[in-house]
Amino acid sequence: MRVIAGSAKSVPLKTLEGLDTRPTQDRIKETLFNILQSDIPGCRFLDLFAGSGAIGIEAASRGASHVVFMENNPKAADIIRLNLRTTRLEDKASLYQGDLFMQLAGAASGEDVFDIIFMDPPYRHDYEKQVLTLLKDSRLVDEYTLIITEASLDTTFDYLSELGYELVREKKYKTNKHVFIRKK
C-alpha cells in the first residue's frame with residue numbers, strides 16, 4: 001500500500017498485521033480520490049475508524065489543510081503515527097486514540113466543522129448508523145459536510161431520511177461500496 005498522489009506520492013505505508021483492519025485497496029482509493037479531487041485542497045478531513053490512516057494521509061498528501069484521525073485500536077494508532085512520520089505529514093494531522101463513539105459524543109468537541117468525513121467501520125455491525133446518529137446534531141457537521149462511508153455491498157442506508165440525511169451518490173465496486181451522504 002502506498003500514497004497515490006500529492007506531496008507524499010509513492011511513499012509506502014505500513015498496515016496492521018492480521019485481520020483487524022481492511023486497508024482500502026489502492027485502485028478503490030484512487031477512484032475515491034478522483035471523485036473528490038476538487039474538494040480536497042484546503043479541506044478539513046475527518047478519518048473515522050482510521051486503521052492505518054491511508055485515507056486521511058492520502059487527503060493530507062493531496063492538500064487537505066488538516067486531517068483528524070480517530071482510531072480505537074492502540075496498535076493501529078501507532079501505525080498511523082509511523083505513517084505520518086514517514087510521509088512527513090505530522091504537522092497537518094491530529095490523532096485521537098480511544099473509543100470513537102465517546103470521542104464523537106464530546107471528546108473531540110474542540111474541533112470545528114469538517115468539510116469531508118470518511119468512515120470505514122467494521123462491516124455488518126451497524127456502526128455507520130450509530131455514527132450518523134451521533135453526527136446529526138454534532139457541530140462537526142453542517143449542510144455542506146460530505147460524509148463518505150465505505151461499506152459492504154449488502155449494507156443498507158434506508159434510514160438516512162429519518163436521520164435528516166440524503167444520499168448524494170453511491171459508487172459500487174466488486175466487493176464493497178462508497179456511499180456519499182449530506183444533511184438535508
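Bear in mind these aren't lab numbers, they're just calculated from the coordinates by the rules spelled out. None of these values were measured; they are calculated from a predicted model. So basically every Cβ, Gly included, is an ideal-geometry build from the backbone, and we count neighbours across all protein chains shown.
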(message) Suppose we take every Cα in segment 113-178 and form the convex hull; what volume per residue is that in Å³?
(response) 81 Å³
(message) Percent of Cα-Cα pairs more than 15 Å apart in segment 1-92, please.
(response) 53 percent
(request) Using only alpha carbon pairs under 8 Å that are at least six residues apart, calculate the relative contact order of segment 125-183 and give it in whole percent. (result) 38 percent
(message) Taking 8 Å as the Cα distance limit and 6 or more residues as the minimum spacing, I'd like the relative contact order of the chain as a percentage.
(response) 17 percent
(request) Rank by packing, highest mean first: peptides 80-86, 158-164, with packing defined as the count of other Cβ atoms within 10 Å averaged across residues. (result) 80-86, 158-164
(message) Calculate log10 I(q)/I(0) of segment 70-130 for q = 0.12, 0.23 Å⁻¹, where I(q) comes from the Debye formula with a single equal point scatterer on each Cα and nothing for solvent.
(response) -0.35, -1.19
(message) Please report the net charge: other residues with Cβ closer than 12 Å to the Cβ of P12, K and R +1, D and E -1.
(response) +2
(request) Report the net charge of residues surrounding I147, where surrounding means a beta-carbon distance below 9 angstrom and charges are Lys +1, Arg +1, Asp -1, Glu -1. (result) +2
(request) Per DSSP H run of at least 4 residues, take -39500 (n - 2.57); add these up for the chain, divide by its residues and hand me the 222 nm value, nearest 500 deg cm²/dmol. (result) -7000 deg cm²/dmol
(message) From the mean inverse distance of alpha carbon pairs (Kirkwood) and the Cα radius of gyration, derive Rg over Rh for the chain.
(response) 0.92
